[in-house]
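Below is one structure, written out as structure tokens; the observations come after it.
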Amino acid sequence: MINYTKITDETYWVGGSDRRLSRFENIFPLEDGVSYNSYVIADEKTALFDTADISISDQFLENVAGVLGDKKLDYLIINHMEPDHCSQIATVVAMYPEVTLVGNAKTFTFLSQFFPELGSQSKITVAEGDTLELGKHTLTFVMAPMVHWPEAMFTYDKATGALFSADAFGTFGAIDAGIFADEYDFEKKFLDEARRYYANIVGKYGMQVQAVLKKAAAIDIKYICPLHGPIWRENIAWFIDKYQKWSTYTPEDDEIVVIYGSLYGHTESAAQRAAAMIREKSGKKVSVYDVSQTHPSKLISEVWRCGKIVLFCPTYNNGIYIPMENFLSDCQALTVQNRIFALAQNGTWAPASGKLMTEKLQTLKNVTIVEPVLTIKSALHVTDEPELEVFVTAVVEA
Ligand code: FEO
């Protein structure tokens, strides 16, 4: 059944949501699906902005055909070549053989790798600031390399102030009956998922996000049309401010996160006691996570949200407890910065995880490691309270 929605003058959302997918990129668990957004401007000339994931291809193609009716498709603007958005390019070309593909030089390199059969298709190669006239609508192309692939670009429509922003400003989560962020309680329904999406998908590229935010600041944006999640037409500055914080690795909340790994419960017990003492001493909200139970993408999202992270970790095979090691490797891969870490190690005969975690964290930019590192020999007892008190005080005062 055709299900497209008008955004503004001659501009339509033609996407859909997948609520069956359990893991985005086969990595990130989805609790409430994901949307794949695509857009059409039906002016004197018509333009389609990106295609969609194969999982929603029937809905997407039906929506495009529904909006275009008897009109032909003149341009397919390819803002991003990742398969969750490019999978239907060959199908769209088969439906509209006269379509001209619009992308940058890198787009067409990737296109030839995914779709060698489209080598002879009509193409326009664009660069920063180039424009394309549709009639009333004039499109301007803004390069956004590494947000989140090297070929990524934004397209801006001066007539409506719509910015087609590729992966930027997207979020996990299916969209329901409404397509606009102001049709939801965004903070309740989407904010945590928007942060998890940002931190894990684009988090590594803070500098590149900063570069496009500077370009965006010079544009009069009335709509942000991302490839995932709802469209922004109100409170745009609020969401851009979130991106400003996330891309400069600035904590959003003055809260503390405690993450522990535990084989038999002894490290867990120490972490829970420390968390309660930190809560009491600091008066701040403290969130506690079991590194074996919470997906690393959620832990990374919490690291993006909060400035101070306390890790309790057993020593395992003379190394770091494996789920904690994986989490720290994620912190390295995503270039976590500007954070305070406090460390507690446990070991029955040769505690070593404190030193090894310190070495990993020292590879990160602007990371402070609180002194002292707390050492637990097997389990924490009442007699260890003074040592724990010193550790907790150091955490609170750091
Ligand atoms: Fe939603 Fe980078 O693709």
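The values are calculated or read from the model by the stated rules, or taken from the named source; none is laboratory data. All of these numbers come straight from a predicted model, not from anything done at the bench. Quick reminder, even Gly has a Cβ in these numbers, built from the backbone with ideal geometry, and neighbours come from all protein chains shown. When the accessible area is computed, the model is the full protein with side chains, heavy atoms only, and any ligands, DNA or RNA have been set aside. Shrake-Rupley method; radii C 1.70, N 1.55, O 1.52, S 1.80 Å.
Being under 21 Å from the mean Cα position of the chain (by Cα) and open to solvent by less than 40 Å² (accessible area, probe 1.4 Å), is that true of even one residue in segment 135-143?
Within segment 135-143, one or more residues are under 21 Å from the mean Cα position of the chain (by Cα) and open to solvent by less than 40 Å² (accessible area, probe 1.4 Å).
Report those helices (runs of 4 or more DSSP H) wholly inside segment 1-101 carrying at least 3 residues which are open to solvent by 30 Å² or more (accessible area, probe 1.4 Å).
Values: elements: 57-68, 83-86, 89-95.
Helices (runs of 4 or more DSSP H) meeting the threshold: 57-68, 89-95.
Please list, ordered by first then second residue, the pairs with beta carbon atoms under 9 Å, 6 or more apart or interchain, first in segment 48-67 and on the phi > 0 side of the Ramachandran plot, second at pLDDT 95 or above and in a strand (DSSP E or B).
Asp50/Tyr36; Asp50/Tyr39; Asp50/Leu76; Asp50/Ile77; Asp50/Phe164
Do we find that Ala276 is at pLDDT below 95 and surrounded by fewer than 20 Cβ atoms within 10 Å (Cβ to Cβ) in this structure?
no
When the residues of segment 126-169 are narrowed to those that are charged (D, E, K, R) and outside any strand (DSSP E or B), which ends up nearest to the ligand (Cβ to nearest atom)?
Here is the first cut: in segment 126-169, the ones charged (D, E, K, R) are 128, 130, 133, 136, 151, 157-158, 167.
Still in the list and also outside any strand (DSSP E or B): 128, 130, 136, 151, 158, 167.
Numbers: Glu128: 20, Asp130: 22, Lys136: 29, Glu151: 10, Lys158: 25, Asp167: 4 Å.
Restricting to residues being charged (D, E, K, R) and outside any strand (DSSP E or B), the top hit is Asp167.
Among helices (runs of 4 or more DSSP H) lying entirely in segment 292-372, which contain 1 or more residues that are farther than 22 Å from Trp246 by Cα and either without any contact (Cβ under 8 Å) to a residue 12 or more places away in the chain or open to solvent by less than 30 Å² (accessible area, probe 1.4 Å) (or both)?
Once the helices (runs of 4 or more DSSP H) in segment 292-372 are filtered for at least 1 residues that are farther than 22 Å from Trp246 by Cα and either without any contact (Cβ under 8 Å) to a residue 12 or more places away in the chain or open to solvent by less than 30 Å² (accessible area, probe 1.4 Å) (or both), what remains is 322-333, 353-361.
Restricted to segment 170-194, and to residues that are touching a helix residue (DSSP H, G or I) at 6+ places or on another chain (Cβ under 8 Å) and within 16 Å of the ligand (Cβ to nearest atom), which residue is nearest to Glu252 (Cα to Cα)?
Taking the candidates together, the pick is Ala194.
Can you tell me how many residues in segment 255-273 are open to solvent by 30 Å² or more (accessible area, probe 1.4 Å) and farther than 24 Å from Ala333 by Cα?
Within segment 255-273, residues that are open to solvent by 30 Å² or more (accessible area, probe 1.4 Å) and farther than 24 Å from Ala333 by Cα number 7.
List the number of the failed condition for Glu128; all other conditions in (1) of a type in the set (Asp, Glu); (2) open to solvent by 20 Å² or more (accessible area, probe 1.4 Å); (3) under 23 Å from the mean Cα position of the chain (by Cα) hold.
Among (1) of a type in the set (Asp, Glu); (2) open to solvent by 20 Å² or more (accessible area, probe 1.4 Å); (3) under 23 Å from the mean Cα position of the chain (by Cα), the lone unmet condition for Glu128 is (3).
Would you confirm, using the coordinates I've provided, whether Ser35 is in contact with a Leu (Cβ under 8 Å, 6 or more places away or on another chain), at pLDDT 95 or above and either hydroxyl-bearing (Ser, Thr, Tyr) or more than 23 Å from Met81 (Cβ to Cβ) (or both)?
Details: in contact with a Leu (Cβ under 8 Å, 6 or more places away or on another chain): no; at pLDDT 95 or above: yes; either hydroxyl-bearing (Ser, Thr, Tyr) or more than 23 Å from Met81 (Cβ to Cβ) (or both): yes.
Judged against the criteria, Ser35 is not a match.
With respect to Asp182, determine if the residue is of a type in the set (D, E, K, R) and touching a Lys or Arg at 6+ places or on another chain (Cβ under 7 Å). Outline the logic, then answer.
Working: of a type in the set (D, E, K, R): yes; touching a Lys or Arg at 6+ places or on another chain (Cβ under 7 Å): yes.
Considered against the rule, which asks whether it is of a type in the set (D, E, K, R) and touching a Lys or Arg at 6+ places or on another chain (Cβ under 7 Å), Asp182 comes out as yes.
May I ask you to list pairs of residues, at least six apart or on different chains, whose Cβ atoms are under 9 Å apart, with the first in segment 73-92 being in contact (Cβ under 8 Å) with a residue 24 or more places away in the chain and assigned by TED's automatic domain parsing to the domain that holds Thr107 and the second being within 9 Å of the ligand (Cβ to nearest atom) and aromatic (Phe, Trp, Tyr)?
His80/Trp149; Met81/Trp149; Glu82/Trp149; Asp84/Phe24; Asp84/Tyr36; His85/Tyr36
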